[in-house]
Each structure stands twice: as structure tokens, then as C-alpha cells.
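Undergrad: I have a structure I would like to understand better, so I am pasting it below and will then ask my questions one at a time.
The values are calculated or read from the model by the stated rules, or taken from the named source; none is laboratory data. Since the structure is predicted, the reported quantities are computational estimates derived from the model, not experimental observations. Virtual Cβ from ideal backbone geometry, glycine too; neighbours counted across all protein chains shown. These area figures cover heavy atoms from the full protein model, side chains too; ligands, DNA and RNA do not enter into them. Shrake-Rupley method; radii C 1.70, N 1.55, O 1.52, S 1.80 Å.
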Number of protein chains: 2
Amino acid sequence: MTKKAALLKAAENKVRLGGYSNFSFRELANEIGIKSASVHYHFPTKADLGAELAHQYTDNFIAMLGEPQAHKANGKNPLDIYTQLFKNALVIDKKMCLCGLLGAESDSLPDKVRDEVKRFFIKNLAWLTQAHKINGEPDPERAAIQTVSLLEGAMMISNTLDDIHYFEQATF
Amino acid sequence: MTKKAALLKAAENKVRLGGYSNFSFRELANEIGIKSASVHYHFPTKADLGAELAHQYTDNFIAMLGEPQAHKANGKNPLDIYTQLFKNALVIDKKMCLCGLLGAESDSLPDKVRDEVKRFFIKNLAWLTQAHKINGEPDPERAAIQTVSLLEGAMMISNTLDDIHYFEQATF
DNA sequence: AATCACCTACCTACTGATAGGTAATTTATA
DNA sequence: TATAAATTACCTATCAGTAGGTAGGTGATT
């Protein structure tokens with residue numbers, strides 16, 4: 001893994017635990033074994049790092065989702081795939097959704113970071129709208145916002161109360 | 001308003017925009033016209049201030065909700081009251097729910113602050129469980145966690161995308 | 001006399017960021 | 001092919017600013 005990738009990985013872990021201000025160039029540098037000044041070589045400013053992190057997180061998340069049509073063709077409900085991806089983030093990583101956390105504090109984020117967080121939700125809503133349409137929902141746009149809201153909220157509360165049961169109860 | 005109350009008010013505004021790390025003793029002091037060292041007279045540490053803020057926010061929120069039974073007796077659905085309180089926070093204050101934001105970053109919070117955030121959700125779930133029970137829901141506990149998850153999530157996404165329409169679409 | 005509600009002055013630790021330097025590698029030119 | 005130029009990926013050293021927190025002092029109120 002390149003140093004740049006290692007920096008993004010370390011930053012993701014920190015942000016998913018405590019938000020944008022929960023990581024510093026020094027901490028990141030120490031963790032991967034370089035100096036804090038060298039982090040600026042890869043990312044001119046902290047906002048650049050945050051924006052690239054959110055962008056990459058979004059792309060990866062959408063890629064993991066696959067195509068709703070493909071799931072349906074395989075006899076699976078695309079919404080189950082979506083729910084499972086959220087649950088994995090919570091159970092395996094034991095952390096919040098990166099953009100769920102950044103979204104909550106989006107008012108205080110640098111513009112370019114906030115823009116990437118918006119992009120995450122726009123892309124998620126598009127995917128979910130498609131999924132609900134395939135499922136024959138009469139109002140797929142509404143169902144989409146309800147699905148992502150429920151999952152993000154359940155994730156946050158389950159994480160806060162430190163009990164996966166809340167997430168499971170909310171989503172099944 | 002006492003200086004202490006003014007400090008809590010100023011802190012609430014900051015936290016609801018950017019989380020626990022979005023306020024400092026210096027900023028708070030400047031805003032209300034005292035020195036940062038004097039803030040320590042009212043709150044020994046930042047964690048003490050954060051915990052008292054979350055505690056007071058919770059008490060106020062629950063008090064605003066009133067009793068589910070009383071609403072039902074007045075011919076109103078307690079869940080509409082609950083939804084309206086969330087919507088007001090978003091539309092009037094144009095800010096996130098304090099504990100929604102703190103919950104998202106709860107992993108990095110001081111213990112006493114996190115405990116108060118937990119208390120917020122425990123109290124909310126109790127109120128909602130009661131409300132759903134009154135409404136004749138077959139599984140009031142599940143309905144309660146679903147309600148608060150949906151509202152917290154919709155609030156976060158509406159705030160992020162800066163469009164109240166998402167909240168309305170998710171909740172009506 | 002004690003308590004309250006502040007104050008000045010200060011501390012250590014950490015923040016993101018910059019300037020300027022270096023060895024190793026890669027690319028362009030003669 | 002040999003040499004020169006440029007680029008990469010770091011480094012040391014340092015900066016101004018901000019963080020939370022502390023010691024000790026002051027005038028007003030109780």
C-alpha cells in the first residue's frame with residue numbers, strides 16, 4: 001500500500017470515530033511512519049484530504065452495492081443488499097458510516113468536503129430510487145429517502161447505545 | 001439570562017453546527033463578554049460543560065414532548081407531536097439535533113458526555129414506545145426505534161443536502 | 001469572614017501550514 | 001549512450017494561532 005493510501009485509511013478510521021476534527025496531520029503521519037510536513041506533499045490542505053477521503057469512500061460504497069437490476073435478476077432483493085452493507089460497516093468495522101458522521105457536522109465542514117458528502121447521499125438516493133422502482137414501489141423517491149434515513153439513523157443510535165440489537169430491530 | 005445559561009446557549013449553537021469540538025472556551029467567553037478562564041468557574045472542564053449541555057437539552061426536549069396520553073386525549077396523534085418537534089428544530093433553528101450530532105461522534109466523546117447522549121435516546125425510546133403502545137401498534141418497541149431512526153436520519157440528510165423537502169418526504 | 005463571579009497572566013500541548021533542503025529516481029536532451 | 005534537467009517523496013526546522021487548564025488576585029455581596 002502506498003503512503004498516500006495508508007494516510008487515507010488512517011484518516012478514515014479516525015473520522016468514522018469522531019468526525020473531521022478527530023484526525024490531525026501529525027497523528028496520521030506518526031501512524032504510517034512519516035513526518036507531518038510530508039503529509040502536505042500528498043494533500044496540500046486538510047480539506048483536500050477530507051474531500052478525497054469522502055470521494056473515495058463514496059465511489060467504493062457505490063461499487064460495493066453493484067447494480068440493483070443485477071441483484072433482482074439473481075433473485076435477491078436489492079434493499080437487502082443495501083441494508084447488509086450498512087450492517088457490515090457497523091458490525092465488522094464497529095464504526096459509523098463516514099458520510100453519516102460528516103453529514104451531521106456538514107455545517108462546519110470546508111466547502112469541498114461538504115460537497116463530497118452531498119455527493120454520497122445524492123448517489124445513494126439515486127441507487128435506492130432505482131431499487132424501489134424495480135420492486136414496484138408506488139413512490140420510489142419517497143421510499144428511497146425513507147430507507148437511507150432509517151439506516152443512517154439506526155446506525156447512529158446503535159453505535160451510541162453500543163448495541164447492534166437496535167439496528168436489527170429497526171431494519172428487519 | 002445568567003452568564004452560565006448564556007454559555008450553555010452559545011455552546012449549544014456551536015455543537016449543533018459542528019459537534020463537540022466545534023466550540024472552545026475562548027469563543028464562548030468572547031461571545032458572552034467574559035474571559036475564557038472565567039468559564040472554568042462555571043464548568044471545571046469542557047467535558048462538564050458538554051455533559052450539562054446534553055443533560056439540559058434532553059430534559060428540555062422531553063418536557064416539550066409532554067405526555068403521549070395527554071395528546072391522545074386531546075384527539076392528537078402523539079407521533080405527529082414528536083415529528084413536529086424534530087421538524088421545528090430543523091426549520092426554525094436550522095440546525096441538527098444536538099444529540100443526533102453528538103451520537104454520531106459518540107466514540108470520541110468524554111465518558112460523561114457520551115452517557116448523557118445515551119440518556120437522550122433511552123428517554124426518547126421510552127416516550128415513543130409508550131406513544132406507539134397507545135396507538136395500538138403490535139410491536140411498540142420496534143416502532144419506537146424505527147421512528148427515532150427515521151427522524152434522526154432524515155434530519156441529518158435534509159441538513160446535509162440543505163433542503164427541507166427531504167425531511168418532509170421522509171416523514172409524511 | 002466567607003463566598004461569588006469574575007479578572008490577569010501564564011502554561012504546556014497541539015493545530016495546520018510553510019520554507020528550504022536532500023537523495024533517489026525518472027525523463028529529456030546532446 | 002552519457003549527461004543534464006526535472007520530478008518524486010520525503011526530511012528538518014519553524015511559524016503563528018489556538019486548545020484546555022491553572023495559580024493567584026480583586027471587588028462586590030452575603
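Undergrad: Considering only residues of segment A:58-67 that are in contact (Cβ under 8 Å) with a residue 12 or more places away in the chain and either within 16 Å of DNA strand D (Cβ to nearest atom) or more than 10 Å from the chain's Cα centre (by Cα) (or both), which is farthest from the other protein chains (Cβ to nearest Cβ)?
TA: Taking the candidates together, the pick is A:GLY66.
Undergrad: Related question: Determine, yes or no, whether A:GLN169 is open to solvent by 10 Å² or more (accessible area, probe 1.4 Å), part of a helix (DSSP H, G or I), facing chain B (nearest Cβ under 7 Å) and at pLDDT 95 or above. I'd like the intermediate steps shown before the answer.
TA: Details: open to solvent by 10 Å² or more (accessible area, probe 1.4 Å): yes; part of a helix (DSSP H, G or I): yes; facing chain B (nearest Cβ under 7 Å): yes; at pLDDT 95 or above: yes.
Criteria met by A:GLN169.
Undergrad: Moving to a separate point now. I'd like to verify a number: residues in segment B:1-55 that are farther than 20 Å from B:PHE120 by Cβ, open to solvent by 60 Å² or more (accessible area, probe 1.4 Å) and outside any loop (DSSP other than H, G, I, E, B), how many?
TA: The qualifying residues number 9.
Undergrad: Among all residue pairs at least 6 apart or on different chains, which show Cβ distances below 6 Å where the first residue, located in segment A:39-57, is near DNA strand C (Cβ under 8 Å from one of its atoms) and the second is open to solvent by 10 Å² or more (accessible area, probe 1.4 Å) and outside any helix (DSSP H, G or I)?
TA: A:ALA47/A:PRO110
Undergrad: Could you check how many residues of segment A:86-115 are open to solvent by 60 Å² or more (accessible area, probe 1.4 Å), assigned to a helix (DSSP H, G or I) and not basic (Lys, Arg)?
TA: Residues meeting the conditions: 4.
Undergrad: Another question, if that's okay. Does B:GLU141 fit the bill of being within 9 Å of chain A (Cβ to nearest Cβ) and more than 16 Å from A:GLN146 (Cβ to Cβ)? Give the derivation first.
TA: On the way: within 9 Å of chain A (Cβ to nearest Cβ): yes; more than 16 Å from A:GLN146 (Cβ to Cβ): yes.
Yes.
Undergrad: Based on this model, can you work out whether A:THR83 counts as within 14 Å of another protein chain (Cβ to nearest Cβ), surrounded by 23 or more Cβ atoms within 10 Å (Cβ to Cβ) and hydroxyl-bearing (Ser, Thr, Tyr)?
TA: Details: within 14 Å of another protein chain (Cβ to nearest Cβ): yes; surrounded by 23 or more Cβ atoms within 10 Å (Cβ to Cβ): no; hydroxyl-bearing (Ser, Thr, Tyr): yes.
No; evaluated as a whole, the condition is false for this residue.
Undergrad: Consider segment B:10-38. How many of its residues are aromatic (Phe, Trp, Tyr) and either more than 30 Å from B:MET155 (Cα to Cα) or within 13 Å of DNA strand C (Cβ to nearest atom) (or both)? Steps first, answer last, please.
TA: Let us first name the residues in segment B:10-38 that are aromatic (Phe, Trp, Tyr), namely B:20, B:23, B:25.
Now restrict to residues that are either more than 30 Å from B:MET155 (Cα to Cα) or within 13 Å of DNA strand C (Cβ to nearest atom) (or both): B:25.
Matching residues across segment B:10-38 total 1.
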